[in-house]
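J.: Next up is a structure, given as structure tokens.
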Amino acid sequence: MRIVMFGCPGAGKGTQAKVIAAKSGAKHISTGDMLREAVANKTEIGLKANEYMSKGALVPDEVVVGIVKEKLVNDKITDFILDGFPRTIPQAEALDVMLAELNLPVEKVVNLNIDHQVIVNRLCERRVCLACGESYHLKNNPPKVEGKCNACGADLVHRSDDQPEAIKTRLDQYDQKTAPLLDFYKKQGKVIDIDASGAIDDIRDNIMKALGL
Ligand code: AMP
């Protein structure tokens, strides 16, 4: 199973990718999680990426393409769910080239459709665990213990790029640079459209049905 999760920031790509990964055994690969880990570890890539991420801007293509390629090759991954990558046409083209070399083309692109208005509320109320990547919504999906991750017990944080100004930048970046990718994948006949505005479990069921899982 080789899938790309597609949709604007806060559409639920990470939440749904984790569920598909658990059900299918495919590896969940989140470039956002990998970059945040690099930032936390203050690696060279992390220090560079943080300049962009804290403002809600996209990290340069060559940096992101490099970390994805390294992950796929080093860990010998053959089944994957890409979450947050690709985000630009050059990234998608680079992905197609690297996957052609590995003989592992993308099979399906799950497009999570949701209104930008709903997203602003979702991200303002989102709290995430930087230790394991789990995410919560203060009203719709709160943690059992306030401020603590259900899965690993670590502290939950309000990401700096989930603040109103950065959310606006991220949605603008999505409209300008990422949304055009949908046509790129539609031409390849790979897009599955999913309404991502309802309850998490209903969205999950619709994705599973569409993927035949
Ligand atoms: P995410 O957790 O997917 O929302 O990603 C958080 C931030 O990491 C984004 O706002 C970007 O700054 C950066 N990022 C993650 N994935 C990519 C990508 N494919 N291309 C460029 N920047 C990315």
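The values are calculated or read from the model by the stated rules, or taken from the named source; none is laboratory data. Since the structure is predicted, the reported quantities are computational estimates derived from the model, not experimental observations. All Cβ positions, glycine included, derive from the backbone under ideal geometry; neighbour counts span all protein chains shown. Protein only, heavy atoms only, side chains kept; ligands, DNA and RNA dropped before computing areas. Shrake-Rupley method; radii C 1.70, N 1.55, O 1.52, S 1.80 Å.
J.: Identify, please: which residue in region 1-18 is open to solvent by 20 Å² or more (accessible area, probe 1.4 Å) and more than 21 Å from C124 (Cα to Cα) and is, among those, nearest to the ligand (Cβ to nearest atom)?
T.: Filtering region 1-18 for residues that are open to solvent by 20 Å² or more (accessible area, probe 1.4 Å) and more than 21 Å from C124 (Cα to Cα), the one nearest to the ligand (Cβ to nearest atom) comes out as K18.
Okay, residues lined up against (1) of a type in the set (V, I, T); (2) at pLDDT 95 or above; (3) touching a His at 6+ places or on another chain (Cβ under 9 Å); (4) closer than 26 Å to R127 by Cβ:
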| position | (1), (2), (3), (4) |
| --- | --- |
| C152 | no, yes, no, yes |
| A166 | no, no, no, yes |
| D175 | no, yes, yes, yes |
| A179 | no, yes, no, no |
| L182 | no, yes, no, no |
| K186 | no, yes, no, no |
| A199 | no, no, no, yes |
| I203 | yes, yes, no, yes |
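J.: Could you tell me which numbered condition C132 fails, if it satisfies all but one of (1) modelled with pLDDT of 95 or more; (2) under 18 Å from G84 (Cβ atoms); (3) not small (G, A, S)?
T.: Unmet for C132, out of (1) modelled with pLDDT of 95 or more; (2) under 18 Å from G84 (Cβ atoms); (3) not small (G, A, S): (1).
J.: I need the full set of residues from region 19-51 which are among the aliphatic types (A, V, I, L, M), in contact (Cβ under 8 Å) with a residue 40 or more places away in the chain and away from the ligand (no atom under 11 Å from the Cβ), in order please.
T.: Scanning region 19-51 gives V19, I20, A21, A26, A40.
J.: Which ones in region 160-191 are within 13 Å of the ligand (Cβ to nearest atom), touching a residue at least 60 places away in the same chain (Cβ under 8 Å) and not acidic (D, E)?
T.: S160, A166, I167, K168, T169, R170, L171, Q173, Y174, K177, T178, L181
J.: Which residues, taken from region 52-84, are part of a loop (DSSP other than H, G, I, E, B), more than 10 Å from the ligand (Cβ to nearest atom) and open to solvent by 50 Å² or more (accessible area, probe 1.4 Å)?
T.: D75, K76, T78, D79
J.: Please find, within region 109-140, the residue that is farthest from A210 (Cα to Cα) out of those that are buried (at least 17 other Cβ atoms within 10 Å of the Cβ) and among the basic types (K, R).
T.: Among those that are buried (at least 17 other Cβ atoms within 10 Å of the Cβ) and among the basic types (K, R), it is R127.
J.: Let me ask you something else. Return the residues of region 177-213 that are part of a strand (DSSP E or B), closer than 16 Å to P9 by Cα and of a type in the set (A, V, I, L, M); say none if nothing qualifies.
T.: Listed by number, the list holds a single entry, I194.
J.: For region 90-106, check the following and say yes or no: at least one residue is within 8 Å of the ligand (Cβ to nearest atom), at pLDDT 95 or above and closer than 19 Å to I3 by Cβ.
T.: So far as region 90-106 goes, yes, one or more of its residues are within 8 Å of the ligand (Cβ to nearest atom), at pLDDT 95 or above and closer than 19 Å to I3 by Cβ.
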